[in-house]
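All of the numbers you see were taken from the coordinates with simple rules; none came from a lab. Source: prediction; values computed, not measured. Note that each Cβ is placed from the backbone with ideal geometry, even for glycine, and that neighbours are counted across all protein chains shown.
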Amino acid sequence: MFAVTQPRRPSEAITREETVIAYTATNAYAEFEEQNKGTLTAGKVADLAVLSQDIFVIPVSSLPLTTSVLTVVNGKIVYDARVLKVK
């Protein structure tokens, strides 16, 4: 939330899309792990979170209410809120 609002320096705020890239692909690059993680690409480890809300469309004030309903690390489910319906 603070990345997209920057209360003290609004001119330094970035978009939600830029924030997600910073926390995923850019972090992997900083760790020299971009070949293994950072994007959802075949052959890379599956680290992902399914969120309770669409963080790209909800009001900024609702961002703190977002939770993970499913978290996968290295292709293994490490958290499951059991709210997703699987067909």
(request) Under 19 Å Cα to Cα from Lys37, which aspartates and glutamates show up? Leave out anything in the same chain fewer than 8 places away. (result) Glu17, Glu18, Asp47
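With a 10 Å Cβ neighbour count serving as the proxy for reagent exposure, in which order, fewest first, do Thr26, Thr39, Thr19 appear?
Thr39, Thr26, Thr19
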(request) Using Cα positions and a limit of under 16 Å, work out the lysines in reach of Lys44, with same-chain residues fewer than 8 apart set aside. (result) Lys76
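Just to confirm the filter: which chymotrypsin sites (Phe, Trp or Tyr not before Pro) across region 19-83 are DSSP coil and have at most 11 other Cβ within 10 angstrom of their Cβ?
Phe32, Phe56
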(request) Could you tell me which of Val50, Val20, Val86 has its Cα farthest along the dipole of the chain towards the positive end, charges placed at Cβ (Lys, Arg +1; Asp, Glu -1), taken about the Cα centre? (result) Val86
(request) Using volume of the Cα convex hull per residue in Å³ as the read-out, say which of [x] 234; [y] 91; [z] 125 was calculated from these coordinates. (result) [z]
